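Peer 1: Take this structure, written in structure tokens, and hold onto it; I'll ask about it next.
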Amino acid sequence: MVAIRVRDSAALCETSGMRRTFRAFRAFRAFRAFQAFGPGGFLAASAFVALLGCGGGAAQPTTASPSCYPSCIKTLLQECPLQGTCEGTVGLTAATVCYANGVKVRDTLITGPETVLVNNASGQACYTVSQTSAAGTTPRAFSVTVNGNVVASITDNQTADNTATIFCGDLPTKLTFPKAGADCQPLWWTDEQRCTSGTCSF
């Protein structure tokens, strides 16, 4: 019943005459948000779908400007920029995104905690974002690693106060979630919602 309702919410964008790219993956995110809200959380999940909006159409520039983030993340985004046009493929358990600059992202979201792998243009691992909190719990916690070494941690409090805190060591930086599709998303890897559907292999 819940999954059907989430798809119905997504369909609202289609009936408004706007093309939804990565519709299925956004619905997945909304469903996982529903799980976090627990029983009776349908309205919150629907709101989450609405927050993601009806973007799409031709490939659009994506933005994860390094200047938005503390030093430990800024360095990673300079080495493996998630910027420029992109396209992706949605599978049963993950989405794979290819940027025009050669950077690739694989986001496993559906089975268990979220894991995000980012490779540079040469196909080498750049960094990994791993959800360290149990699936369906809030706040969500993430660890960012490079070659197995932790370089940052993130506490996602979006459901509570629309913020996330990034820790470089013990130094916290609190970021507010802007509107969907805007620059400086605290969870910068989620900008795949602006990519067009296409063929992308990781």
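The values are calculated or read from the model by the stated rules, or taken from the named source; none is laboratory data. From a predicted model like this one, the values you see are computed outputs, not experimental measurements. Cβ sites come from the backbone with ideal geometry, for glycine too, and all protein chains shown count toward neighbours.
Peer 1: Would you mind finding the one in ASP107, ASP183 that is charged (D, E, K, R) and farther than 19 Å from CYS200 by Cα?
Peer 2: Testing whether each residue is charged (D, E, K, R) and farther than 19 Å from CYS200 by Cα leaves just ASP183.
Peer 1: Still on this structure, I have one more. Name the residue that is nearest to ASP156 (Cα to Cα), counting only residues in region 92-120 that are among the polar types (S, T, N, Q) and not in a loop (DSSP other than H, G, I, E, B).
Peer 2: THR115
Peer 1: Every residue in region 108-125 that is in contact with a Cys (Cβ under 8 Å, 6 or more places away or on another chain) and surrounded by 21 or more Cβ atoms within 10 Å (Cβ to Cβ), please.
Peer 2: Of everything in region 108-125, just one residue is in contact with a Cys (Cβ under 8 Å, 6 or more places away or on another chain) and surrounded by 21 or more Cβ atoms within 10 Å (Cβ to Cβ), namely VAL118.
Peer 1: So which of SER201, SER153, SER197 is over 19 Å from TYR69 (Cα atoms) and crowded, with 17+ Cβ neighbours inside 10 Å?
Peer 2: None of the other options fit; the residue is SER197.
Peer 1: Right, next: Can you name every residue in region 159-183 that is at pLDDT 90 or above and at positive phi?
Peer 2: Once the filter is applied, which keeps residues that are at pLDDT 90 or above and at positive phi, region 159-183 yields ASN162, GLY169.
Peer 1: Give just the number: which of (1) at pLDDT below 90; (2) surrounded by fewer than 17 Cβ atoms within 10 Å (Cβ to Cβ) does THR89 not satisfy?
Peer 2: Among (1) at pLDDT below 90; (2) surrounded by fewer than 17 Cβ atoms within 10 Å (Cβ to Cβ), the lone unmet condition for THR89 is (2).
Peer 1: While we're on this one: Only one residue in VAL105, VAL97, VAL146 is buried (at least 19 other Cβ atoms within 10 Å of the Cβ), closer than 22 Å to CYS72 by Cβ and either of a type outside the set (Val, Ile, Thr) or touching a residue at least 40 places away in the same chain (Cβ under 8 Å) (or both), so which one is that?
Peer 2: The unique qualifying residue is VAL105.
Peer 1: For region 190-199, check the following and say yes or no: at least one residue is of a type outside the set (S, T, N, Q), in the same structural domain as ALA100 (by TED's automatic domain parsing) and at pLDDT 90 or above.
Peer 2: Taking every residue of region 190-199 in turn, none turns out to be of a type outside the set (S, T, N, Q), in the same structural domain as ALA100 (by TED's automatic domain parsing) and at pLDDT 90 or above.
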